[in-house]
1. Mind listing whichever residues of region 163-190 are more than 18 Å from the chain's Cα centre (by Cα) and of a type in the set (A, V, I, L, M, F, W, C)?
2. Just need a number here: residues in region 34-47 that are crowded, with 21+ Cβ neighbours inside 10 Å and not aliphatic (A, V, I, L, M).
3. If the requirement is being basic (Lys, Arg), surrounded by fewer than 23 Cβ atoms within 10 Å (Cβ to Cβ) and touching a helix residue (DSSP H, G or I) at 6+ places or on another chain (Cβ under 7 Å), which of these qualifies: 184, 124, 119?
4. State which residue is surrounded by the most Cβ atoms within 10 Å (Cβ to Cβ) when the search covers only region 140-161 and only residues that are farther than 14 Å from residue 181 by Cα and either touching a helix residue (DSSP H, G or I) at 6+ places or on another chain (Cβ under 9 Å) or hydroxyl-bearing (Ser, Thr, Tyr) (or both).
Amino acid sequence: MKRIALLFLILISLSGCATGAKDGTGDFDMFAEERPEKIHDDIAPGSFRQVNISGNAKSIVIRPGASENFEFYNGDLNLAHTYTVCCGGSEETLDIEITMENPDEDNDILGSVLIDIPKKEFEKVEIAGDFRQVSLGTINSDVLIHANDSLVNLDLEADLLNHDITLDGSESNAFRCVSVYLDKFPDNISMDLNLIQGGTINDPQDILQENGFEAGSGKPVISINHAKEVNILKQE
């Protein structure tokens, strides 16, 4: 499921909105040589200290970018899905809203809107809205993700994770499933888990027990508040 939230992104300009759909040219192999469609102009990081991301796209991927700018691509393989991207905010806050037409008409997730976060430290990246699936790579900022019965994939590089990740849910608005994928057994991270009643933790490699991950005193902290299911896995 983690890899479903594959590539690629949608871009935004502070001056307004853009609507786009994949034009059908080129295949969408994972990490194909041909990059997915860039839907809007890049945005320079400027003096932004906080980034707010919201919308109703089926699936969204937020990952560290290779450039100094915010970049946005459309990695959706369903040509019937179109997206509108709006940006605004203030001198220190960038608001990004990604909406799709008729999101309730189907449950098809064949790709993702992808946002590349520039090489800059932000105070916080906050993710809210009606995204059904959120995939997050290791970015150089605190992250706050709000629940809306969503599935969350955290694809983390332990040595590069220097900021807290907080998943904010409640009994009435919980995360459907959270999967934490690590590149190695962590020695610099701790985890705070708070599942809903009857929730389950799947830890087939005994990462929590063998590494003191759950009760550790390390920093940063991954906090998962109110999830129905949590999966902990080290990528081979």
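1. Within region 163-190, 185, 189 meet the criteria.
2. Qualifying residue count for the region: 3.
3. Numbers: 124 fails: touching a helix residue (DSSP H, G or I) at 6+ places or on another chain (Cβ under 7 Å); 119 fails: touching a helix residue (DSSP H, G or I) at 6+ places or on another chain (Cβ under 7 Å).
Every option except 184 fails the conditions.
4. For region 140-161, the residue satisfying everything is 150.
The numbers here are math on the coordinates, done by the rules we state, and not lab data. As the structure is a prediction and not an experimental result, all values here were calculated from the model. Please note: Cβ atoms are built from the backbone with ideal geometry, for glycine as well, and neighbour counts cover all protein chains shown.
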